[in-house]
1. If I filter segment 276-289 for residues that are closer than 30 Å to residue 58 by Cβ, buried (at least 19 other Cβ atoms within 10 Å of the Cβ), at pLDDT 95 or above and touching a helix residue (DSSP H, G or I) at 6+ places or on another chain (Cβ under 6 Å), do I get at least one hit?
2. Here are some conditions: (1) surrounded by 17 or more Cβ atoms within 10 Å (Cβ to Cβ); (2) in a loop (DSSP other than H, G, I, E, B); (3) touching a strand residue (DSSP E or B) at 6+ places or on another chain (Cβ under 9 Å). Residue 35 meets all but one. Which one does it not meet?
3. State all residues of segment 192-212 that are touching a strand residue (DSSP E or B) at 6+ places or on another chain (Cβ under 7 Å), over 21 Å from residue 181 (Cα atoms) and part of a loop (DSSP other than H, G, I, E, B); if no residue qualifies, say none.
4. Go over the candidates 181, 170 one by one and state the one that is in contact (Cβ under 8 Å) with a residue 12 or more places away in the chain, out of contact with any helix residue (DSSP H, G or I) (no Cβ under 7 Å at 6 or more places or on another chain), more than 13 Å from residue 154 (Cα to Cα) and in the same structural domain as residue 137 (by TED's automatic domain parsing).
5. For residue 54, work out the one condition from (1) more than 26 Å from the chain's Cα centre (by Cα); (2) part of a loop (DSSP other than H, G, I, E, B); (3) buried (at least 18 other Cβ atoms within 10 Å of the Cβ) it doesn't fulfil.
């Protein structure tokens with residue numbers, strides 16, 4: 001058994017008061033003990049272990065990005081680039097992404113769309129990388145959003161086969177492109193549904209056969225309304241767009257809250273500067289309406305798409321203060337709340353004995369300065385320790 005004893009100026013456990021100073025004991029891939037440093041049990045105090053002192057740092061659970069695209073690599077037109085490469089090249093892109101995420105303190109991600117020849121084994125090839133919840137191949141229509149990834153379906157039998165194949169590939173979620181999008185071209189519109197009500201209902205039913213939740217890419221209000229009616233589990237983007245502007249449907253917002261459907265609005269580090277189709281002032285007001293109605297929001301960046309590198313997640317988190325969250329609220333949102341929303345809180349999201357040893361150490365106190373989250377000095381993924389040189393752009397590019 002490999003034992004690490006880490007003492008820090010403070011520990012944010014995610015499920016109790018701040019421990020100052022605090023100590024965490026890691027035994028292989030699990031947390032064995034956490035508490036005030038003065039209360040370290042004798043069995044660990046006398047153990048033959050690596051002791052790590054971080055007298056000016058804060059320990060907290062590893063960060064969770066609920067919406068990434070590991071295989072896209074930030075290319076201007078991701079699916080086009082994917083089709084022009086080999087399986088090995090795409091795997092290399094994925095591994096570079098996972099290294100960037102790990103060194104940026106992100107220990108769990110939900111990957112929401114991969115090419116037809118990528119499966120869970122590819123995602124797990126990187127030694128000691130972040131945990132990946134994968135949706136494998138997203139379902140779409142001929143000529144639709146991300147059709148190049150191989151997930152075109154039309155008939156009920158097509159839907160059943162692809163969902164079953166995704167489950168066999170190790171999918172944790174089923175992803176469906178309810179509307180078109182902005183990054184992959186094709187004939188479909190971001191403002192309109194791609195599927196009929198019957199097709200979307202069949203997709204949700206097929207996912208349920210395999211015990212899998214459904215994540216719905218939905219920009220336009222018509223598609224959001226359709227996805228909610230079909231009973232999806234999360235709405236990705238949820239921008240309430242129409243061809244003429246925006247159409248936030250308050251009745252549908254209430255239904256989203258009542259059904260406890262997650263909304264991942266994919267806020268990246270550039271959100272405050274956004275203009276054009278989705279200016280931040282409009283987006284902020286939409287999100288406040290949803291929050292006031294009781295909708296559960298979870299943070300994710302859509303990293304991998306153009307202008308959204310994987311290592312910028314922590315830079316996006318201060319933007320949530322515009323929605324009324326405190327620094328402490330945001331840390332909880334990006335750790336324990338995200339883990340609960342993604343149904344993995346029994347594995348990670350808090351520093352609790354028995355949970356996976358997923359944690360980060362950052363300089364200073366992130367509850368006073370969220371900027372501390374951008375520069376982790378130590379990252380543990382399932383007990384494997386990493387010491388990032390830093391998380392600047394120059395040192396985290398593949």
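1. As a first pass, look at segment 276-289 and keep what is closer than 30 Å to residue 58 by Cβ: 280, 284, 287-288.
If we keep only those that are buried (at least 19 other Cβ atoms within 10 Å of the Cβ) as well, we get 287.
If we keep only those that are at pLDDT 95 or above as well, we get 287.
Filter again for touching a helix residue (DSSP H, G or I) at 6+ places or on another chain (Cβ under 6 Å), leaving 287.
Yes, there is a match, as at least one residue in segment 276-289 is closer than 30 Å to residue 58 by Cβ, buried (at least 19 other Cβ atoms within 10 Å of the Cβ), at pLDDT 95 or above and touching a helix residue (DSSP H, G or I) at 6+ places or on another chain (Cβ under 6 Å).
2. For residue 35, the exception is condition (2).
3. Answer for segment 192-212, where residues must be touching a strand residue (DSSP E or B) at 6+ places or on another chain (Cβ under 7 Å), over 21 Å from residue 181 (Cα atoms) and part of a loop (DSSP other than H, G, I, E, B): just 212.
4. Details: 170 fails: out of contact with any helix residue (DSSP H, G or I) (no Cβ under 7 Å at 6 or more places or on another chain).
Unique residue meeting the criteria: 181.
5. If we test residue 54 against (1) more than 26 Å from the chain's Cα centre (by Cα); (2) part of a loop (DSSP other than H, G, I, E, B); (3) buried (at least 18 other Cβ atoms within 10 Å of the Cβ), just (2) comes out false.
Residue by residue, here is whether (1) crowded, with 19+ Cβ neighbours inside 10 Å; (2) free of Cβ contacts under 8 Å to residues at least 24 places away in the same chain; (3) under 22 Å from residue 310 (Cα atoms) holds:
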position	(1), (2), (3)
113	yes, no, yes
121	no, no, yes
143	no, no, no
166	yes, no, no
216	yes, no, yes
227	yes, no, no
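Residues are listed down the side, and each one gets a yes or a no for (1) at pLDDT below 95; (2) touching a helix residue (DSSP H, G or I) at 6+ places or on another chain (Cβ under 8 Å); (3) outside the structural domain of residue 135 (by TED's automatic domain parsing):
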site: 292; (1), (2), (3): no, no, no
site: 297; (1), (2), (3): no, yes, no
site: 317; (1), (2), (3): no, yes, no
site: 323; (1), (2), (3): no, yes, no
site: 334; (1), (2), (3): no, yes, no
site: 337; (1), (2), (3): no, no, no
site: 356; (1), (2), (3): no, no, yes
site: 379; (1), (2), (3): no, yes, yes
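Per-residue answers, yes or no, for (1) more than 17 Å from residue 67 (Cβ to Cβ); (2) crowded, with 21+ Cβ neighbours inside 10 Å; (3) modelled with pLDDT of 95 or more; (4) touching a helix residue (DSSP H, G or I) at 6+ places or on another chain (Cβ under 7 Å):
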site	(1), (2), (3), (4)
187	yes, no, no, no
198	yes, no, yes, no
205	yes, no, yes, no
235	no, yes, yes, yes
238	no, yes, yes, yes
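The values are calculated or read from the model by the stated rules, or taken from the named source; none is laboratory data. Keep in mind that what you see is a predicted model, and the values were worked out from it rather than measured. Glycine gets a Cβ as well: all are built from the backbone with ideal geometry, and neighbour counts include every protein chain shown.
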